[in-house]
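**Student:** Got a structure for you, questions after.
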Amino acid sequence: MAAGQGTAAAAEFQKIVDHGGIVWNCWTGALAHLGMARANSLQSRTSKGADADAARVRAVAAYEDFLTLWKDADPDIPILKQAKAEYAKLH
């Protein structure tokens, strides 16, 4: 992500999510969803046309996954507040 490579970053976060049996009930899995959301959001900003649209759709879905996983978390947690703000910008 720091290198501006949203596609590559999303692929790395997907590897974590794909091990759901290991991380499904761990903060690591939830943060992987957030990382995927941010990576796809980056890709949507750096791509054009259909690629940008597809990345935006993937970002929205990943943010929704993260927010669902953290639905019962303390709403004042900074990373949760930031994720909600990022998600709102996509709409």
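Values quoted throughout were computed directly from the atomic coordinates according to the rules given, and no laboratory measurement underlies them. Here the structure is a predicted model, which is why all the values come from computation and not from measurement. A quick note on method: Cβ atoms are made from the backbone with ideal geometry, for glycine too, and the neighbour counts reach across all protein chains shown.
**Student:** Taking N as the number of residues in the chain, what is its alpha-carbon radius of gyration divided by 2.2 N^0.38 Å?
**Tutor:** For the chain, the normalised Cα radius of gyration is 1.04.
**Student:** What does the extension gain come out to for Ala50 and Gln14, with contour length at 0.36 nm per residue minus their alpha carbon separation?
**Tutor:** Answer, rounded to one decimal: 10.8 nm.
**Student:** So, by mean Cβ neighbours within 10 angstrom, what's the order for 56-68, 76-88, 7-19 with the highest one leading?
**Tutor:** Answer by packing, highest mean first, reads 56-68, 7-19, 76-88.
**Student:** Something else: What is the ratio of the Cα radius of gyration of segment 49-91 to 2.2 N^0.38 Å, where N is its residue count, to two decimals?
**Tutor:** In units of the globular-protein estimate, segment 49-91 measures up at 1.26.
**Student:** Provide the FRET efficiency to the nearest 0.05 for the Asp76-Cys26 pair, computing r from the beta carbons and using R0 = 22 Å.
**Tutor:** 0.55
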